[in-house]
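The values are calculated or read from the model by the stated rules, or taken from the named source; none is laboratory data. The model shown is predicted, which means the values in this text are computed figures rather than measured ones. Cβ coordinates were reconstructed from backbone atoms using ideal geometry, including for glycine residues, and neighbour counts include every protein chain displayed.
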């Protein structure tokens, strides 16, 4: 009888203890940064536009902090200084799914001011080449009328380069469509 | 005299995993993460240290519970304990080192089924006392870290012309290679090539020669199967 009861009982006890300890660890380590201006975001904003009073646009009626995204796929948050500077945080597929996590600064003319890499999950040595300043510089001034084919892809990082162009297109498009809501909201 | 003997044996438990029974380069365990995450040296260190943490903690707990866990549920219990520690380390990395967490990706959670950890739990921790089990886990983990770091360094230097590059630091730039990197080394084929070269070097250092006769004495996995030659022969016959 003991041989039938003991094994499942011991295994159950181990499972329960491990689950309990893990739920405790989860509560201790989980921090919800949704809608929060983290140090990394602030650093990105200041790198692109210099010092300023930046804040994330939040949905006014939501119960908890919900960033405004205008229901655009991949957009995580929109940051402004409330006057003329706008930064769009988004995730774009490169060679890896969601491999480019960018902060794109848009100037008052509706063109890209600069790009800050929050995280890059592309192949090291290949896709990560899109971080090179020489490539990023080509996006400065990228506007709604810019032909993306005028920017050459990085050799051996074609998908990542296309991802960068798609991200800039999306950011510029969002700015032109929602400019008034961004600065009023 | 007895103290001297026991300290030698304790030291032996710790050092055997570094070269003599190195889990990656000698017993060839944990190949998936070894090939997948070693495109950068820093990823190798991160993966190795995360595995070391899980190895030490799981060896400690399994050694403590070895008399409590019935034989019939031995493996499921080990897996639950190991999975618990893997989940814990993933919580910690996600909270404190998110860049490493995303770089390791799915291979972090796959530490649970890393044969090094289950192998040491089954072969050593479930049969030995707590302190030797901790040392065994630490030695094996550091051996794994060392081989991942070495492999990651070679691949990163030759494949991208940098060393120890992170998201926030450009690392050490290697002249010529940074402008003319050999991209094959960060591709999977380069991983296999570097692994093969490292195994050859370790065999040379350990003066390991091909066995004249297949036996447990020359088998690097003998410690894991408990030198059960009959079981080995039965498997060969079945194949």
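Report yes if residue A:41 is within 26 Å of the chain's Cα centre (by Cα) and either in contact (Cβ under 8 Å) with a residue 40 or more places away in the chain or within 11 Å of another protein chain (Cβ to nearest Cβ) (or both), otherwise no.
Yes; evaluated as a whole, the condition is true for this residue.
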Hey, residue A:70 in the same structural domain as residue A:125 (by TED's automatic domain parsing) and closer than 27 Å to residue A:127 by Cβ or not: no
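Would you confirm whether or not the range A:35-58 contains a residue that is touching a helix residue (DSSP H, G or I) at 6+ places or on another chain (Cβ under 6 Å) and within 26 Å of residue A:131 (Cα to Cα)?
Yes, that holds for at least one residue.
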Close pairs from the range B:62-77: first closer than 14 Å to residue A:12 by Cβ and facing another protein chain (nearest Cβ under 7 Å), partner modelled with pLDDT of 95 or more and exposed (fewer than 15 other Cβ atoms within 10 Å of the Cβ), Cβ under 8 Å, at least 6 apart: none
Residue match in the range B:79-101 (condition: within 10 Å of chain A (Cβ to nearest Cβ), over 22 Å from residue B:19 (Cβ atoms) and touching a residue at least 60 places away in the same chain (Cβ under 8 Å)): yes
Some residue of the range A:144-156 being modelled with pLDDT under 90, under 27 Å from residue B:35 (Cα atoms) and either within 14 Å of chain B (Cβ to nearest Cβ) or crowded, with 16+ Cβ neighbours inside 10 Å (or both): yes
Failed criterion for residue B:52 (all others in (1) under 17 Å from the mean Cα position of the chain (by Cα); (2) within 18 Å of residue A:19 (Cα to Cα) hold): (2)
Counted residues, the range B:117-146 - those being in contact with a helix residue (DSSP H, G or I) (Cβ under 7 Å, 6 or more places away or on another chain) and surrounded by 24 or more Cβ atoms within 10 Å (Cβ to Cβ): 11
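Here's the yes/no breakdown for (1) under 30 Å from residue A:111 (Cα atoms); (2) in a helix (DSSP H, G or I); (3) more than 14 Å from every other protein chain (Cβ to nearest Cβ); (4) out of contact with any strand residue (DSSP E or B) (no Cβ under 8 Å at 6 or more places or on another chain):
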| residue | (1), (2), (3), (4) |
| --- | --- |
| A:12 | no, yes, no, yes |
| A:31 | no, no, no, yes |
| A:47 | yes, yes, no, no |
| A:60 | yes, no, yes, yes |
| A:73 | yes, no, yes, yes |
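Using the structure shown, decide if residue A:20 is part of a helix (DSSP H, G or I), buried (at least 18 other Cβ atoms within 10 Å of the Cβ) and within 14 Å of chain B (Cβ to nearest Cβ).
So residue A:20 does not fit the description; no.
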Cross-chain or 6+ apart pairs with Cβ under 7 Å, the range B:139-159 first and within 20 Å of residue B:14 (Cα to Cα) and within 13 Å of another protein chain (Cβ to nearest Cβ), then modelled with pLDDT under 95 and in a helix (DSSP H, G or I): none
